[in-house]
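Have a look at the structure below, then the notes.
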Amino acid sequence: MNHALAYWYLKLQALALLVFGRQAAALDKFTQMLLVRPGDRYALASRAHVLAQLGDKNGAIDALRELVARFPGTSAAWFNLAYMLEDVGGHADAEPAFRRALEIEPKMDRAWYGLALLLIRDRRFDEAVQALKKNTELQPMSPFGWYQLARVHVDRQDPDEAVKVIRHLKRFEPKVAAQLERETGLSAAQSS
């Protein structure tokens, strides 16, 4: 069997195994695909994804590091690496990976959000506000960025800005706005 045919046969097998929930067997097929085509982007990314699904976070991180080393212009790979690093507590390494993803794809709203959460955790609130503003520009109807933005304003001792966010949320996510009012003691009815 030639290399191209072997690769596609392994890929079909891996996909079928995933459909039936057999991640470990699919992982083996992705590994075999890399023997046929060393450094193949699809196989590397798929292998990282399956390793994460199987709970092997360090294995997934290693696979993602190889992926970004071979394909440094792939924003999704950088984002996934940042996410996994952050998940295992590698915050110092996660930040540059989020930032690299954003250099490649400045409109990646989930990378702005991930970066913002990391900055909040580090109590770098001014930078977090900027990241959340980018996130909410790109995803104006998603309550997640708005919620975090209001919380950061409270943490920065800026209740007027938090109230503005709560008012904004009341227009399209009244439940989230009410939750923020309960959590912060602020009210959208307050004057700013």
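The values are calculated or read from the model by the stated rules, or taken from the named source; none is laboratory data. Source: prediction; values computed, not measured. As a convention, Cβ positions derive from the backbone with ideal geometry for all residues, glycine included, and neighbour counts pool all protein chains shown.
Details
- Just one of the listed residues (Tyr7, Tyr42) is among the hydroxyl-bearing types (Ser, Thr, Tyr), out of contact with any Pro (no Cβ under 8 Å at 6 or more places or on another chain) and surrounded by fewer than 19 Cβ atoms within 10 Å (Cβ to Cβ), namely Tyr42.
- Pair list, Cβ < 6 Å and 6+ apart or interchain, from segment 156-168 residues that are closer than 21 Å to Arg124 by Cβ to residues that are crowded, with 17+ Cβ neighbours inside 10 Å and of a type outside the set (A, V, I, L, M, F, W, C): Glu161/His153; Ala162/His153
- Checked against the criteria, Glu103 counts as modelled with pLDDT of 95 or more, in a helix (DSSP H, G or I) and under 19 Å from Leu81 (Cβ atoms).
- Qualifying residue in segment 66-85 (condition: within 17 Å of Ala24 (Cα to Cα), among the aliphatic types (A, V, I, L, M) and surrounded by 22 or more Cβ atoms within 10 Å (Cβ to Cβ)): no
- Contact map, segment 121-143: first residue in contact (Cβ under 8 Å) with a residue 12 or more places away in the chain, second residue aromatic (Phe, Trp, Tyr) and surrounded by 16 or more Cβ atoms within 10 Å (Cβ to Cβ), Cβ cut-off under 7 Å, separation 6 or more or different chains; pairs are Ala131/Trp112; Lys134/Trp112; Asn135/Trp112; Asn135/Tyr113; Thr136/Trp146; Leu138/Trp112.
- Leu115 under 25 Å from Arg65 (Cβ atoms) and either modelled with pLDDT under 95 or surrounded by 14 or more Cβ atoms within 10 Å (Cβ to Cβ) (or both): yes
- Between Leu64, Leu85, Leu51, Leu34, the distinction of being among the hydrophobic types (A, V, I, L, M, F, W, C), under 22 Å from Ala6 (Cβ atoms) and assigned to a helix (DSSP H, G or I) belongs to Leu34 only.
- Any chance Ala178 is more than 23 Å from Arg121 (Cα to Cα) and more than 27 Å from the chain's Cα centre (by Cα): no
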